[in-house]
Amino acid sequence: MKLYHYPKCSTCRKAIKYLDANGLAYEKVDIVDNPPSQAELKRMLGHLDGEIKKLFNTSGEMYREMGLKDKVTDMKPADAVRLLAQNGKLIKRPFLLTDGGGAVGFKEEQWQTLLA
């Protein structure tokens, strides 16, 4: 299981605390220094019913600076994946990939189901 996180993100810290408290083994990766690959992003997109916008950190500063609010809905999946793979700050976090699924953001109930 691989967890992409941003050390300064409080939601990421909650997710790490949850994984540690439940004794779950995972690989922790800084999402800014090493963003998910295009293949990992495509895989996650499959777990999000192909909804591109769910991959984006819509409350992030970079998202606003790039004016992506109006562009994301019209973006081709391949273009969005390419953009995200180049810039981890644009990706919603935490970003968790498991052998059987994935989740973006941290909702404890969702993670319990995914990791059961």
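The values are calculated or read from the model by the stated rules, or taken from the named source; none is laboratory data. Since the model is a prediction, treat every value here as computed from it, not as a measurement. Positions of Cβ are backbone-derived with ideal geometry, glycine not excepted, and every protein chain shown enters the neighbour counts.
I need a count of the residues in segment 83-105 that are under 24 Å from MET66 (Cβ atoms) and not in a strand (DSSP E or B).
Total meeting the criteria: 12.
Please identify the pairs in which a residue from segment 10-21 that is surrounded by fewer than 16 Cβ atoms within 10 Å (Cβ to Cβ) has its Cβ atom under 6 Å from the Cβ atom of a residue that is modelled with pLDDT of 95 or more, counting only partners at least 6 apart or on another chain.
Listed by first residue and then by second, the contacts come to THR11/PHE106; LYS14/PHE106.
So which residues in segment 72-82 are surrounded by 10 or more Cβ atoms within 10 Å (Cβ to Cβ) and either β-branched (Val, Ile, Thr) or in a loop (DSSP other than H, G, I, E, B) (or both), if there are any at all?
VAL72, MET75, VAL81
If you take just the helices (runs of 4 or more DSSP H) that sit entirely in segment 7-71, which of them hold at least 3 residues that are among the hydrophobic types (A, V, I, L, M, F, W, C)?
Counting at least 3 such residues, we get 10-21, 38-47.
Taking only pairs six or more apart or across chains, which ones have beta-carbon atoms under 6 Å, a first residue in segment 92-116 that is of a type in the set (D, E, K, R), and a second residue that is in a loop (DSSP other than H, G, I, E, B)?
Filtered contacts from segment 92-116: LYS92/ASN57; LYS92/GLY105; ARG93/TYR6; ARG93/CYS9; ARG93/ILE31.
Scan segment 31-50 residue by residue and report those that are loosely packed, with under 13 Cβ neighbours inside 10 Å and in contact with a strand residue (DSSP E or B) (Cβ under 9 Å, 6 or more places away or on another chain).
Matches in segment 31-50: ASN34, GLY46.
Residue check, ALA85 against (1) over 15 Å from the mean Cα position of the chain (by Cα); (2) surrounded by 14 or more Cβ atoms within 10 Å (Cβ to Cβ); (3) small (Gly, Ala, Ser), all met but one. Which one?
Condition not satisfied by ALA85: (1).
With the requirement that a residue be modelled with pLDDT of 90 or more and acidic (Asp, Glu), what does segment 42-73 give you?
Of everything in segment 42-73, those that are modelled with pLDDT of 90 or more and acidic (Asp, Glu) turn out to be ASP49, GLU51, GLU61, GLU65.
Inside segment 52-100, can you point out the residues that are closer than 18 Å to CYS12 by Cα and of a type in the set (Gly, Ala, Ser)?
Within segment 52-100, SER59, GLY60, GLY88 qualify.
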